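Remarks on the structure that follows.
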Amino acid sequence: MQMRVLDLYTLSIMLIVMCAALSVAMLVAWRANKTYDGFGWWTAGNLVGASGFVFIVFRGLVPDIIPVVAGNMMSVVGLLVALHGIRIFLGRGGLVYFNVAIVALHFLTSIYYVGVDNNTVMRIACGSVITGAITAMSANEFFVVPKDAKRFVHKFAGWLFLGFSLVMFSRGIVTFAASPIDDLFVPSWIQSLSFVFFNLFAVLWTFTYMVLNSQRLQEDLETAQIELERLATTDYLTGLRNNRAFFERAATEVVRSQRHALPLSLVVFDVDHFKTVNDTFGHPGGDRMLRELAAVCAGMTRQNDMIARLGGEEFGLLLTHADIKAAGHAAENFRVAIEQLIVEYEAENIFVTASFGVAELRQDDTLEGFLARADSCLYQAKNAGRNCVVSESGDIPHSYLESTNFIPPPPTFEHRV
């Protein structure tokens, strides 16, 4: 019983129409949406590859050397253009010398096996092996992408190209081992199967290109959203959390602490005589001082706590699982660290102090009342002469540094504020 095979000429026409339609879709996506480097090369590769089959179907109307050589060359160039696009998309350079070498090799074999030794079997075998090698390299480009849970599409693309490569190698081997044929369109199960795979892979490649571009766009949007959130919650000058982020976190911690009866304390502090710093050193000097002060305070803050710049020279410190006594000692540690801070600016030193107010959350508190009591203690510290800590308990804690063996070197200050 003779095996039925599909008409290769019809399959070629289908492939041309399909590739043209898919290329138009990619062109529209390229022009209408945000695409990344490489997508345009993929689109061009589809168009060039489809044009190769246009030349092939015109065999018989013109001398064979023209459609055979041009068709084979366009098909291979289309794959090389797509490979170039893959490397560009993945952030790698193009393979210029490799591409030139492959094009030259394919051109010479095509010319030889149609103009010198008219051998259809060798043309198909050589073309299939070269095509298989190019698509195998394309597969490898996707497989060497760093492992990541979001790289499923890259792996799919790699297996897709590898599958097509195996089909091409198989086609070359089977064609070479089978009975000689005089024409590409002679009915053959391996040629029919190959053309079916051509149509299938054309659709899957285009789909994969679209998904890869969409995935990267989604990743960029997520990154941009995270960055916008960071900018919206970060103080531009000091890099600390800003007023908005601080009070959002404070509101959450107030509810959690009252629900579970956990201690929560708030420290607000203000740089003393900050206007004098600005008047003496200008705003750049004041900004430099705030940045270095913020860096010191951030380095002293526990991981589960939050420090933020509330505005101007005022800062807030939210202490979870800390009662009034622990918060008072923490505030004193901050006060001493700020007092010992030396900020070098334009060959001079800036020395500042800060005043602190400390309050502990009550069971019936609101966030507004909590903050108001901490602010009240801060004002008391200002009125008490500044550079001190005042808490609701009425205690002015001793410096943590006084209970250690740490003795700071006596600095020389050109300007004391």
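So in region 161-190, with the set limited to residues that are in a helix (DSSP H, G or I) and polar (S, T, N, Q), which one is modelled with the highest pLDDT? Of everything passing the filter in region 161-190, 165 is modelled with the highest pLDDT.
From the list 334, 351, which one is of a type in the set (Phe, Trp, Tyr), touching a residue at least 60 places away in the same chain (Cβ under 8 Å) and farther than 29 Å from residue 259 by Cβ?
351
Within region 42-68, the residues that satisfy the criterion of being assigned to a helix (DSSP H, G or I), at pLDDT below 80 and out of contact with any Gly (no Cβ under 6 Å at 6 or more places or on another chain) are 50, 51, 53, 54, 57, 66, 67, 68. Selection of region 275-298 for residues being more than 15 Å from residue 351 (Cα to Cα) and at pLDDT 95 or above yields 295, 297, 298.
So for region 310-331 (the condition being assigned by TED's automatic domain parsing to the domain that holds residue 371, in a strand (DSSP E or B), touching a residue at least 60 places away in the same chain (Cβ under 8 Å) and more than 18 Å from residue 360 (Cα to Cα)), does at least one residue qualify? Yes, region 310-331 contains a residue that is assigned by TED's automatic domain parsing to the domain that holds residue 371, in a strand (DSSP E or B), touching a residue at least 60 places away in the same chain (Cβ under 8 Å) and more than 18 Å from residue 360 (Cα to Cα). Kindly evaluate residue 343 against the criterion of being within 39 Å of the chain's Cα centre (by Cα), at pLDDT below 95, surrounded by 15 or more Cβ atoms within 10 Å (Cβ to Cβ) and assigned by TED's automatic domain parsing to the domain that holds residue 381. Spelling it out, residue 343 is indeed within 39 Å of the chain's Cα centre (by Cα), at pLDDT below 95, surrounded by 15 or more Cβ atoms within 10 Å (Cβ to Cβ) and assigned by TED's automatic domain parsing to the domain that holds residue 381.
Taking the listed residues 78, 91, the one that is modelled with pLDDT of 80 or more and either not in a helix (DSSP H, G or I) or not assigned by TED's automatic domain parsing to the domain that holds residue 194 (or both) is 91, with no other qualifying.
The values are calculated or read from the model by the stated rules, or taken from the named source; none is laboratory data. Since we're looking at a predicted model, the values are computed, not measured. Cβ sites come from the backbone with ideal geometry, for glycine too, and all protein chains shown count toward neighbours.
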